[in-house]
1. On the basis of being part of a loop (DSSP other than H, G, I, E, B), within 22 Å of residue 345 (Cα to Cα), touching a Ser or Thr at 6+ places or on another chain (Cβ under 9 Å) and at pLDDT 95 or above, does residue 581 make the cut?
2. Restricting attention to segment 124-149, which residues are of a type in the set (Ser, Thr, Tyr) and surrounded by fewer than 24 Cβ atoms within 10 Å (Cβ to Cβ)?
3. Can you tell me how many residues in segment 94-115 are without any contact (Cβ under 8 Å) to a residue 24 or more places away in the chain and farther than 15 Å from residue 453 by Cβ?
4. Quick check on segment 395-407. Is at least one of its residues in a helix (DSSP H, G or I), of a type in the set (Asp, Glu) and under 27 Å from residue 206 (Cα atoms)?
5. Can you tell me which residues in segment 441-470 are assigned to a loop (DSSP other than H, G, I, E, B) and within 16 Å of the chain's Cα centre (by Cα)?
6. Between 303, 229, 254, 276, which is more than 28 Å from residue 357 (Cα to Cα) and aliphatic (A, V, I, L, M)?
7. Report, by residue number, each residue of segment 81-108 that is over 18 Å from residue 363 (Cα atoms), aliphatic (A, V, I, L, M) and either out of contact with any Phe, Trp or Tyr (no Cβ under 9 Å at 6 or more places or on another chain) or outside any loop (DSSP other than H, G, I, E, B) (or both).
8. Report those strands (runs of 3 or more DSSP E) wholly inside segment 150-263 carrying at least 2 residues which are modelled with pLDDT of 95 or more and crowded, with 21+ Cβ neighbours inside 10 Å.
Amino acid sequence: MSEFAFDEEIRQEEGAASAIRSETAETPAVAEEAESGSSRSADDFRRLSFYQIWIRSFADGNGDGIGDLYGVYDKLPYLKYLGVDAIWFSPIYPSPNADYGYDISDYKNIHPDYGTLDQFKRVLDKAHSLGMKVLMDLVINHTSDEHPWFKESCKGRDNPYSDYYIWRDGRKKGRLPNNWNSQFEGKAWEWNEERGQYYLHVFAKKQPDLNMDNPRVREEVKDIMRFWLDMGVDGFREDVITFISKREGLPNGLPFLPAINGMPHYKDGPHIMEYLEEFRAVAREYGAIQIGEAPYTPTKTALRYMSGEDRVLDMMIQFDTMTADCFMTEYVHLPFSLRRLKRAFSKWQYALEGKAWNALYLENHDHPRVISRYGSRLFWRESGTCLCAAYMLQQGCPFIYQGQEIGMLNIHLPSIDHYLDVASKNAYHSFHLKEPAKKRLRRIHLSSRDSARTPVQWTAGRYAGFSKVRPWFYLNHNYKHINAAAQIKDPASILRFYRRCLELRKGSETLIYGTYREYFPKSRSHYVYERALNGERILVVCSFSHIPTLLRLPKDWIGKPKTLLLGNYAKIHDEDLLRPYETRVYRMEAAAGSTD
């Protein structure tokens, strides 16, 4: 039996294969859904669950150590087994990889490391045949400095691409055009010798910001959208989309907020709604889904984008739920606070209810692994399953990041030179410089995006079943016991629990559309919330404690008949006692004689 190919392993291991055959037998409802998977409707996204693929580390299908579309094609049955309804690809376009794909040099092609347009079409068609939609990452705040547009723009101030980017002369005495800092790499301005001006880069130096005030740039964006939508793609996740309109005059930022001192002037800018309405018109032509990434966005502002029939975004990826152990960014670390996490959860649930729709997530390519942050290594399985229920059963569309469903953890590398992420390197060399190098490196261990980018652990075999050769990046040493093949065989695994949560949500109108109500918000160890619809009530109880705690139910649940729909322990030994990180999902049974 091959020790590299996950699919071969689950086919040849009779126990795992029989488990898959028995557990993935399609019900008529699932079969009907699969048949309609390639159809597009702007109104059906609320039922969907999403799986994010950061392709370079997902699965290597051609044996060169780099994840690719051939590996994705092979793993689509696994995603169907998991139970997700849609795939979101992080950028798979040609790129010099200064920010691993988020610096795009060609919007209408596939990076040669990952395959070809023909192979992408094969993946798209197979995903649709399995009932899964496919979303691309639309990165239009910036391009790579190796994009042909930028190369032409550098040549002078009077060519057709001159105004595709944001260029400025320096101020007197050699000062920069303004005092903005970039998010990733030093100041937000970089000198270009060829043109004799500075260009703006809100992120890395090799990511010059596009000038969206130029109508020709917006037409280019719409042309890119139509290119992929004509191919059959179902929508877009739109990278830092609220940054694309800058304030006129580009005024100085607040110097006492060095990490984000320009943000008030390039976030939610004066023409943002106008430009997004143009892009929304294209999406409506195709019934496409639009999900916007919007860091540091309050709920009131979010509703401007997402509410009403004339909304410009269907969902928004906000960062509030990612700050329960940090201040604004993972590089400023704080002890985990369940109360802070619950406040973020409930704030978005209450604010959007009846007005807009939540994107529910705890991991993606921009954040460290969530069990290493919000969970427990000692209670790895229990905390991983507890976190799953805590976020996935709220109102909204759940997003799962590759490897999250098997409980992958942060990696600790021996020196900053082993890390590849531009933001991690910048943080190490820019902040807390008076601290010893060892302490600064520990901050990177806690915060680096590289922890989300280690190869997915498919098997316990050589190279974790990711590839037949040494992978492009470091493997986490724990793949011998944290891997998908082992978890498919284990009924109590994190993977199987994710699958059960998705099944439960998919089969329940209450868990999709029901109202949300949090109980005991001041509790430091329990997260308890209720979903209700048409008389049905479902209670989600999650303990975040390392020690046993007493079960606390809402008053009108006490003494009422209830059914346990889901739990992360095999059996309940004491109805009134929660074990470490125990999770229970109850449905209240109707009282005798009730017609509700």
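The values are calculated or read from the model by the stated rules, or taken from the named source; none is laboratory data. Predicted, not measured: the structure shown is a model, and the values here were computed from it. Cβ: placed from backbone, ideal geometry, glycine included. Neighbour counts: every protein chain shown.
1. Numbers: part of a loop (DSSP other than H, G, I, E, B): yes; within 22 Å of residue 345 (Cα to Cα): yes; touching a Ser or Thr at 6+ places or on another chain (Cβ under 9 Å): yes; at pLDDT 95 or above: yes.
Yes.
2. Narrowing segment 124-149 to residues of a type in the set (Ser, Thr, Tyr): 129, 143-144.
Answer for segment 124-149, where residues must be of a type in the set (Ser, Thr, Tyr) and surrounded by fewer than 24 Cβ atoms within 10 Å (Cβ to Cβ): just 129.
3. Matching residues across segment 94-115 total 4.
4. no
5. Keep residues of segment 441-470 that are assigned to a loop (DSSP other than H, G, I, E, B), which gives 448, 454-461, 466-470.
Those that are assigned to a loop (DSSP other than H, G, I, E, B) and within 16 Å of the chain's Cα centre (by Cα): 448, 454, 456.
6. 254
7. 98
8. In segment 150-263, 197-200, 235-238 are the strands (runs of 3 or more DSSP E) which contain 2 or more residues that are modelled with pLDDT of 95 or more and crowded, with 21+ Cβ neighbours inside 10 Å.
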